[in-house]
Amino acid sequence: MRTIKHLPPVVIASDDYRFLQDTCRRLLAGARHVGTNGTPLYFPDTSGAYCACWTRDFCYAVEYAGHLLPPEEILAGIDLLLAGQREDGVVPDRVRADGTPVYFAGPEDQPLGEAPPADNPCFLVKLLDAYYLLTGDARAWLERLPSLLEAMQTVPLSPDGLVFVDPNRPGPAWGFADAVAQTGKVLFASLLYWEACRRLALRLQELEDHEEARLWFDAAERTLKVLPELQDGHTALYWAASQDCRQYDLWGSAYAAVLRIASKRESRMIGEFFRDNATLALYRGHVRHLPRGEHWQRLLGEVPPENYQNGAYWAVPTGWVAQTVALVDLPAAEAIVKEALDVWREGEVYECISPYAAPRGPGYVASAVNLLGAVSSR
């Protein structure tokens, strides 16, 4: 089964790998709940701070740690999300345990922005494809393909093929920065859109629907050609957006390297930036959205500096950063992973940490599973 090529995993000590995998098992077990209709669903955390099944968090759990989940529960979770898809194709941001879909980010009584997050259709494609890669269940993939295609039509695009957020009616570009008003052409959601298009194309080609596959190969190619508009040629880092928040996106820069969208030379430059400027980007193996000292220029909600998505440090992208640093300095990459694991050995896996604020979100699944997907055992 063909899939997108990523940078190779960072090889870590076998005892560290066992600890990480056991941590993922523990968190997934603690995040598992049974919905009102009997469907198993996975919350983003074990603490109950996020009481629903989020599309992107569930995707990451399946994409990076699907081998730890029962396949039938993965498919049931996918169908739970699909049951909440609106008639116009819009994918829910999350589905509550009682089956109620929620389309906008943030609190239901105070949603963030004026549109649903742009990334959810792409995560839905990635989620179903991750299930297919785990199981080879082509029938399930094909039966749900029409819903995927409808969802992808709702992604807001610029005429030249990047995900676009209207500065006059901003909504979240992607969920791990859903309090941020990145506007114009946006980076991370465009990376996800390229990835979703490629996954659709490869799977359709494999299943011999060559005409439809060509449409999605072409869509991915259009996006790929325009992404350099968001790249700083001097540093090879990418800007988060073309209008509001035209600031270095550390997570997106690392992920562009992991997806091999950045060239080999550019990926090495990105790796060198993280290695040589660790104090600007990293704290105990966790990664800031922006270089230290910067805060987002425009927000959709109130987030104080050095907190949450506006200056705290996250482990969601730790593996991507380590994979990128490994291109230029393998010991430094291993040290990044080790520092994150040491935090978790000392206490808990958090959504984010900060030297200036209390840690947030204990038992956060994506922190651990994303790192598991970026490493292998020695």
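The values are calculated or read from the model by the stated rules, or taken from the named source; none is laboratory data. Not measured: the values here are computed from a predicted model. As a convention, Cβ positions derive from the backbone with ideal geometry for all residues, glycine included, and neighbour counts pool all protein chains shown.
Quick rundown of the values:
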item	result
THR154 being among the β-branched types (Val, Ile, Thr), under 28 Å from CYS51 (Cβ atoms), in contact (Cβ under 8 Å) with a residue 12 or more places away in the chain and out of contact with any Phe, Trp or Tyr (no Cβ under 6 Å at 6 or more places or on another chain)	yes
Residues (within 20 Å of GLU221 (Cα to Cα) and touching a residue at least 24 places away in the same chain (Cβ under 8 Å)) located in segment 157-169	LEU157, SER158, ASP160, GLY161, LEU162, VAL163
THR235 farther than 22 Å from HIS289 by Cβ, β-branched (Val, Ile, Thr) and modelled with pLDDT of 95 or more	no
Residue check for LEU250: touching a residue at least 60 places away in the same chain (Cβ under 8 Å) and surrounded by fewer than 24 Cβ atoms within 10 Å (Cβ to Cβ)	no
Any hit, segment 154-162, residues being out of contact with any Ser or Thr (no Cβ under 8 Å at 6 or more places or on another chain), farther than 30 Å from LEU230 by Cβ and among the hydroxyl-bearing types (Ser, Thr, Tyr)	no
Cβ pairs under 8 Å, 6+ apart, first in segment 102-125 and without any contact (Cβ under 8 Å) to a residue 60 or more places away in the chain and farther than 14 Å from ARG56 by Cα, second surrounded by fewer than 24 Cβ atoms within 10 Å (Cβ to Cβ) and β-branched (Val, Ile, Thr)	GLU108/VAL102
Some residue of segment 264-279 being of a type in the set (A, V, I, L, M) and touching a strand residue (DSSP E or B) at 6+ places or on another chain (Cβ under 8 Å)	no
From ALA241, ALA281, ALA257, residue being among the small types (Gly, Ala, Ser) and either out of contact with any Ser or Thr (no Cβ under 9 Å at 6 or more places or on another chain) or free of Cβ contacts under 8 Å to residues at least 12 places away in the same chain (or both)	ALA281
Single residue of segment 58-93 satisfying the filter (outside any helix (DSSP H, G or I) and of a type in the set (A, V, I, L, M)) that is surrounded by the most Cβ atoms within 10 Å (Cβ to Cβ)	VAL91
Those residues of segment 100-127 which are in contact with a helix residue (DSSP H, G or I) (Cβ under 7 Å, 6 or more places away or on another chain) and either surrounded by fewer than 23 Cβ atoms within 10 Å (Cβ to Cβ) or not in a loop (DSSP other than H, G, I, E, B) (or both), in sequence order	ALA105, ASN120, PRO121, CYS122, PHE123, LEU124, VAL125, LYS126, LEU127
Scan of segment 259-296 for residues that are part of a strand (DSSP E or B) and among the hydrophobic types (A, V, I, L, M, F, W, C), ordered by number	LEU282, VAL287
Hits in segment 260-278 - residues which are in contact (Cβ under 8 Å) with a residue 40 or more places away in the chain and among the polar types (S, T, N, Q)	SER267
Criterion (within 19 Å of LEU259 (Cβ to Cβ) and among the basic types (Lys, Arg)) met by exactly one of ARG169, ARG203, ARG214	ARG203
Flag if ALA130 is at pLDDT below 95, of a type in the set (A, V, I, L, M) and either in contact with an Asp or Glu (Cβ under 9 Å, 6 or more places away or on another chain) or buried (at least 23 other Cβ atoms within 10 Å of the Cβ) (or both)	no
Top-ranked residue in segment 14-42 [being among the small types (Gly, Ala, Ser) and surrounded by 15 or more Cβ atoms within 10 Å (Cβ to Cβ); ranked as modelled with the lowest pLDDT]	GLY35
Residue list for segment 20-57, restricted to those being in contact with a helix residue (DSSP H, G or I) (Cβ under 6 Å, 6 or more places away or on another chain) and either assigned to a loop (DSSP other than H, G, I, E, B) or aromatic (Phe, Trp, Tyr) (or both)	THR39, TYR42, PHE43, PRO44, THR46
